[in-house]
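The values are calculated or read from the model by the stated rules, or taken from the named source; none is laboratory data. Nothing here was measured: the structure is a model prediction, and the numbers come from that model. Here the Cβ positions follow ideal geometry from the backbone for every residue, glycine too, while neighbour counts run over all protein chains shown. For the accessible areas, the whole protein counts, side chains as well, though only heavy atoms, and no ligand, DNA or RNA atoms are used. Shrake-Rupley method; radii C 1.70, N 1.55, O 1.52, S 1.80 Å.
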Amino acid sequence: MLTRRTLGRTGLEVSSLGLGCMGMSHAYGEPDDVESIATIHRAIELGCTFFDTAEVYGPYTNEELLGRALKDRRDSVQIATKFGFVIGEGLFAGADSRPAHIREVVEASLRRLQTDRIDLLYQHRVDPAVPIEDVAGTVRDLIAEGKVLHFGLSEAGAGTIRRAHAVQPVAALQSEYSIWERNLDDEILPLLAELGIGLVPFSPLGRGFLTGTARRAEDYPADDFRAKGDPRLQGENFDANLRIAELVRAIAAPHGATAGQVALAWLLQIRDDVVPIPGTKRRRYLEENLGADQLVLSAEDVARLDAALRDHAVSGDRYGSAALAMVDR
């Protein structure tokens, strides 16, 4: 069974590893609801109780899937979902964190999730048109009403985090962070420690690259996010980044572990309020990922990984230009 961790000073207790559910319905190939629900149920059996979704995944269908899977297990799990986008004709159409819209999204999410409360509600991306104080104040009111239990931010910048936290304590920041994506090191991680905010890293396996299973962008189907949305898998970037993946595999071998387990264990050893959410829709990958909870890396292992990033900088941005414009605001 997985160990337990507490996200931030607000007291949200979750499993040490969560399950990112986006790929079950969105962005990573054809859905397989039967296997996805079996994966969710297997996660619970193994002590993974923290499930991450959003209205925009699908859109809507991922929350519906999670609602079906968890309806008779609700009291033993923690559900995180997100607001903050305009969804027009099934497509993303901009940011919207107006207080009235937040309330509309929460009511719709509660229905789709078949629940009476959301354990952790994130603003999915910062909306520059709406003061973060208004956003945090709206979530504060939803917490007072019992519809939401904890407040989170995603990919927010330091100033926004401080301002939001002053209105409603933030339990967790969900942002991309991994062995090869270290954008939080200099400013955000010290701020989270200062304010007592947990970190929920998404894409902790580098969208599969750190496991050694990723393919070149052109080898993915056109409807897979990695085909166009991840520059690190494209052309010369892919070849250059192989050196990092090879080192992770080399460190895994003496432990009898997989490269993915090393990538997750590295995150778990940063602080005791870091909870990665690797995504999968297959039980066999879930079971492999959760094995990272028992893997302890040596100080030498960690030093080798850090040195690799100094010697072989990651090639390519983590997003295309449009998506990058929406982070760190």
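Which condition number does G29 fail, the rest of (1) in contact with a Cys (Cβ under 9 Å, 6 or more places away or on another chain); (2) surrounded by fewer than 17 Cβ atoms within 10 Å (Cβ to Cβ) being met? All conditions pass for G29, except number (1).
Just checking, does segment 172-184 include any residue being β-branched (V, I, T) and in contact with a Ser or Thr (Cβ under 9 Å, 6 or more places away or on another chain)? Scanning segment 172-184 turns up no residue that is β-branched (V, I, T) and in contact with a Ser or Thr (Cβ under 9 Å, 6 or more places away or on another chain). Given the condition in contact with a Leu (Cβ under 8 Å, 6 or more places away or on another chain), among the aliphatic types (A, V, I, L, M), open to solvent by 30 Å² or more (accessible area, probe 1.4 Å) and farther than 30 Å from D317 by Cβ, answer yes or no: does some residue in segment 137-154 qualify? Looking through segment 137-154, at least one residue is in contact with a Leu (Cβ under 8 Å, 6 or more places away or on another chain), among the aliphatic types (A, V, I, L, M), open to solvent by 30 Å² or more (accessible area, probe 1.4 Å) and farther than 30 Å from D317 by Cβ. Any residue that is assigned to a loop (DSSP other than H, G, I, E, B) and in contact (Cβ under 8 Å) with a residue 60 or more places away in the chain - is there at least one of those in segment 58-70? No, the conditions are met nowhere in segment 58-70. Out of R42, R5, one residue alone is among the basic types (K, R), modelled with pLDDT of 95 or more and assigned to a helix (DSSP H, G or I). It is R42.
Can you work out which of the residues in segment 204-215 that are open to solvent by less than 70 Å² (accessible area, probe 1.4 Å) and without any contact (Cβ under 8 Å) to a residue 40 or more places away in the chain is nearest to G157 (Cα to Cα)? The qualifying residue nearest to G157 (Cα to Cα) is R207.
Table: residues versus (1) modelled with pLDDT under 95; (2) open to solvent by 30 Å² or more (accessible area, probe 1.4 Å); (3) of a type in the set (D, E); (4) closer than 19 Å to L324 by Cα.
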{"site": "R163", "(1), (2), (3), (4)": "no, yes, no, no"}
{"site": "V170", "(1), (2), (3), (4)": "no, no, no, no"}
{"site": "S175", "(1), (2), (3), (4)": "no, no, no, yes"}
{"site": "E187", "(1), (2), (3), (4)": "no, yes, yes, yes"}
{"site": "P190", "(1), (2), (3), (4)": "no, yes, no, no"}
{"site": "E194", "(1), (2), (3), (4)": "no, yes, yes, no"}
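Filtered by the rule that a residue be in contact with a Lys or Arg (Cβ under 7 Å, 6 or more places away or on another chain) and modelled with pLDDT under 85, segment 215-261 gives A217, Y220, R226. Of the residues making up segment 69-105, those that are under 21 Å from E133 (Cα atoms), surrounded by fewer than 22 Cβ atoms within 10 Å (Cβ to Cβ) and not small (G, A, S) are V86, D96, R98, P99, H101, R103, E104.
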